Amino acid sequence: QVHLVESGGGLVQPGGSLTLSCTPSGGAFTLDAVGWHRQAPGKERESIACILSSGNIYYKDSVKGRFTISTDNAKKTVYLRMNSLKPEDTAVYYCAAVQSSTIVVTARLYNYWGQGTQVTVSS
């Protein structure tokens, strides 16, 4: 069983930045695909970024150019750097992991999830 812990959410003004972190409770990530997802009130959970242990990366079009997913060298933390935040980015953000050698863009295919962290973009 893999337990993931997210941190870094909060309230930020439009145009601002936040960095989210995701850490597995047991140490370094042992699964090959880690993704960031978000769910806004009344909407379905959507995958917005995915990083593979091979280094391949995916971004949803709505965040491409503004968000950056990365991992530290020891693969102990996966980050989501969010720049130029917009009110429509307001959501609960989750990290999740799955054993996969290819990019996974469907949230329901991920096996292990964190508890989520709230991001609110408002003036």
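The values are calculated or read from the model by the stated rules, or taken from the named source; none is laboratory data. These numbers were taken from a predicted model, which means no experiment stands behind them. We place every Cβ from the backbone using ideal geometry, glycine too, and count neighbours over all the protein chains shown. Protein only, heavy atoms only, side chains kept; ligands, DNA and RNA dropped before computing areas. Shrake-Rupley method; radii C 1.70, N 1.55, O 1.52, S 1.80 Å.
Observations on the structure shown:
- Taking the protein heavy atoms of the chain in the context of the full set of protein chains, the accessible area attributed to carbon and sulfur is 47 percent at 1.4 Å.
- Extension gain, Ser21 to Ala40: 0.36 nm times the residue separation minus the Cα-Cα distance gives 4.9 nm.
- Residue of Ala91, Ala28, Ala49 that the Gaussian network model of the chain assigns the largest fluctuation, springs spanning Cα pairs under 10 Å: Ala28
- Per residue value of the accessible surface for the chain (all protein chains in place, 1.4 Å probe), Å²: 51
- Summarising the label geometry, the points placed 7 Å from Cα in the beta-carbon direction at Asn111 and Ser54 lie 1.9 nm from one another.
- Result for the chain in a Gaussian network model with C-alpha springs under 10 Å: among Pro87, Pro41, Pro24, the largest mean-square fluctuation is at Pro41.
- Under 18 Å of direct C-alpha separation, and excluding same-chain neighbours fewer than eight residues apart, Lys86 reaches these lysines: Lys43, Lys60, Lys64.
- The chain, relative contact order in percent, only Cα pairs under 8 angstrom and at least six apart counted: 37
- Exposure ranking of Lys43, Lys76, Lys86 by accessible area [1.4 Å probe, largest first]: Lys43, Lys76, Lys86
- Per-residue 3J(HN,Hα) values for the range 82-88, derived from phi via the Karplus relation 6.51 cos²θ - 1.76 cosθ + 1.60 with θ = phi - 60°, read 10, 10, 6, 5, 10, x, 6 Hz in sequence order (x marks Gly and Pro).
- Separation of alpha-carbon centers, the range 75-121 and the range 2-19, rounded to whole Å: 10
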